[in-house]
Amino acid sequence: MKNILIIDDEINICTLLSKFLGKHGFDVDTTMTGSAALKMMKEKTYDLVLCDYRLKDTDGAQLLQDIHQINPATIVIIITGYTDVRVAVEMVKNGAYDYLSKPLYPDEILSLVHKAFAHKESEQERQAVRPVESGSEPEVRETLLSRSQNDKSDKYVYGESEGAKELIRQIKLVAPTDYSVIIFGETGTGKESVAHLIHHHSKRSQQPFVALDCGSLSKELAASELFGHEKGSFTGAINTKIGAFEQAQGGTLFLDEISNLSYDIQVALLRVLQEKLIRRVGSLKEIPIDVRIIVASNEKLSESVQRGKFREDLFHRLNEFTIYIPPLRERRDDLPLFTTAFVNQVERELDKSCGKISSEVWDCFRQYNWPGNIRELKNVIRRACLLTPEMEDITMSALPLEMKEAFSQASEEIHVSGELALLSNDNDLKTVALQAEYNKIINVLKEVKYNKTKAAQVLNIDRKTLYNKLRLLNINY
């Protein structure tokens, strides 16, 4: 029987978790202070500790160090409020197995506990079979633990910017209800992840979550994918198909890029939402459905209604609650959190340790506009970690060409604007002329893919004159 210690200054949490985990075969002890917990650990060996980050006599970071000093093999899972998630992520990097954010869900806790023990057993077996080839034992153990985060912590990264906090607040407000939700945001902002979070915090969390990309559906296939079809109902229907509504029975149906549905399918969808009945293609039988609807679009559905692309009555039926996801360029404070989470994920995918991100790359990240949003950032991290040798710092050479060009241009514009600002005190006409030359040369270089010979021809000057102007204006291509 595995021994578990729960450390939380809320007696109700200690009692509930003790009874719940005890029913599932664990030997559970509880305490409300860090000092008492350390005393208990010196007298008894615990396989796993569930520890609240904020305690009356200490904090989770200090307690994590003390626990590992007493028994390095003890698994530590941090319990945290949403405002402390960033700290919890740092603790995971420093040796905690994972973290749970409040409110706590019993099934989620049980799943994570089982996963933690399974991970520990697999690591013990791996170490028994394969001896450590290099590095000291503590270094190897730290590396293994740093890769042991739950997939949940990668999938859901809570930001700290004002936009991110408001987003989470709205998710937690609407999740317990059965409201239909419209999620609006640019491509790559994480609309499906938000839909998952709403489902995860809802009363339907133990029921199916079904996602369907309406943008990939032809008019002919949309009805079949949504409502299903009977065998022989049309050419190629060799078997009966269960549609997305039936698959999501009792749970949540997420319809991405809903504005791409044809007018006929919008009419059918409106009827289903009003009557809560579906009819498979080729069938006369009506099937009752109990499904929560979440839809997403990268354009405002109200504007699609004005253009006649989306039915107004369907829009009002869906628009019980709208969530806006801000683009990454409006939440740059969250860049470090997302970057850390993606680096940790890629390290596990590639089974390698990535080095630190250089200060120049961080400057580039902060200045870049991120048109592809979080999805683009994730792909940039994947590329950079793949190209960078293990344990070496990630530098500008590992970034995509478009990012390097944008950063170089921004740096030059800042430099030249500074130069021109100094000149403006002496001669405004000279400033205007230099600015015009700079802009013209930059534009031509872009047009000819930075081929200086072609640029000189377009500008009707010789190459020597072009090079002189490049030096004068500090343009480095």
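Kindly provide the set of residues from region 26-59 that are within 18 Å of Val113 (Cα to Cα) and either in contact with a helix residue (DSSP H, G or I) (Cβ under 8 Å, 6 or more places away or on another chain) or open to solvent by less than 40 Å² (accessible area, probe 1.4 Å) (or both), ordered by number. Those that are within 18 Å of Val113 (Cα to Cα) and either in contact with a helix residue (DSSP H, G or I) (Cβ under 8 Å, 6 or more places away or on another chain) or open to solvent by less than 40 Å² (accessible area, probe 1.4 Å) (or both): Phe26, Val28, Asp29, Thr30, Tyr46, Asp47, Leu48, Val49, Leu50, Cys51, Asp52, Tyr53. Scanning region 249-298 for residues being surrounded by fewer than 15 Cβ atoms within 10 Å (Cβ to Cβ), touching a strand residue (DSSP E or B) at 6+ places or on another chain (Cβ under 8 Å) and either among the β-branched types (Val, Ile, Thr) or part of a loop (DSSP other than H, G, I, E, B) (or both) gives a total of 2. Candidates are the residues of region 231-248 that are crowded, with 16+ Cβ neighbours inside 10 Å and in a loop (DSSP other than H, G, I, E, B); the one that is modelled with the lowest pLDDT is Ser233. Scanning region 320-340 for residues that are open to solvent by 60 Å² or more (accessible area, probe 1.4 Å), more than 14 Å from Lys165 (Cα to Cα) and outside any helix (DSSP H, G or I) returns Glu320, Thr322. Among the candidates Tyr450, Tyr477, the residue that is under 30 Å from Thr187 (Cβ atoms), open to solvent by less than 100 Å² (accessible area, probe 1.4 Å), at pLDDT below 75 and not in a helix (DSSP H, G or I) is uniquely Tyr450. Applying a threshold of 9 Å to beta carbon distances and a minimum spacing of six or more residues, or different chains, the list of pairs starting in region 317-340 at a residue that is at positive phi and ending at one that is open to solvent by 60 Å² or more (accessible area, probe 1.4 Å) is empty. Residue under question is Glu192, and the condition is that it be under 24 Å from Tyr158 (Cα atoms), charged (D, E, K, R) and open to solvent by 20 Å² or more (accessible area, probe 1.4 Å); does it hold? Considered against the rule, which asks whether it is under 24 Å from Tyr158 (Cα atoms), charged (D, E, K, R) and open to solvent by 20 Å² or more (accessible area, probe 1.4 Å), Glu192 comes out as yes. When you look at Thr30, is it under 17 Å from Leu110 (Cα atoms) and assigned to a helix (DSSP H, G or I), yes or no? So Thr30 does not fit the description; no. Can you find even one residue in region 206-218 that is in a helix (DSSP H, G or I), hydroxyl-bearing (Ser, Thr, Tyr), open to solvent by less than 20 Å² (accessible area, probe 1.4 Å) and modelled with pLDDT under 90? So far as region 206-218 goes, no, none of its residues is in a helix (DSSP H, G or I), hydroxyl-bearing (Ser, Thr, Tyr), open to solvent by less than 20 Å² (accessible area, probe 1.4 Å) and modelled with pLDDT under 90. Within region 441-452, residues that are farther than 15 Å from Arg471 by Cβ and among the hydrophobic types (A, V, I, L, M, F, W, C) sit with their Cβ atoms under 8 Å from residues that are open to solvent by less than 10 Å² (accessible area, probe 1.4 Å) and at pLDDT 80 or above, at 6+ positions apart or across chains, in these pairs: Val444/Ala455; Val448/Ala455. Candidates in region 453-464 are the residues that are part of a loop (DSSP other than H, G, I, E, B) and on the phi < 0 side of the Ramachandran plot; of these, the one that is surrounded by the most Cβ atoms within 10 Å (Cβ to Cβ) is Ile461.
Residues in region 17-35 that are more than 17 Å from Ile78 (Cα to Cα) and without any contact (Cβ under 8 Å) to a residue 40 or more places away in the chain: Lys19, Gly22, Lys23, Gly25, Asp27. Do we find a residue being of a type in the set (D, E, K, R), within 19 Å of the chain's Cα centre (by Cα), modelled with pLDDT under 90 and open to solvent by 20 Å² or more (accessible area, probe 1.4 Å) anywhere in region 353-368? Within region 353-368, one or more residues are of a type in the set (D, E, K, R), within 19 Å of the chain's Cα centre (by Cα), modelled with pLDDT under 90 and open to solvent by 20 Å² or more (accessible area, probe 1.4 Å). When region 62-90 is filtered for residues that are of a type in the set (A, V, I, L, M, F, W, C) and either open to solvent by 40 Å² or more (accessible area, probe 1.4 Å) or modelled with pLDDT under 80 (or both), the ones remaining, listed by number, are Ile70, Ala73, Val85, Val87, Ala88, Val89.
The values are calculated or read from the model by the stated rules, or taken from the named source; none is laboratory data. A quick note: this is a predicted structure, and the numbers were derived from the prediction, not measured. With ideal geometry, Cβ positions are generated from the backbone for all residues, glycine too; neighbour counts draw on all protein chains shown. Note: accessible area is taken over every heavy atom of the protein model, side chains too, but ligands, DNA and RNA are not part of it. Shrake-Rupley method; radii C 1.70, N 1.55, O 1.52, S 1.80 Å.
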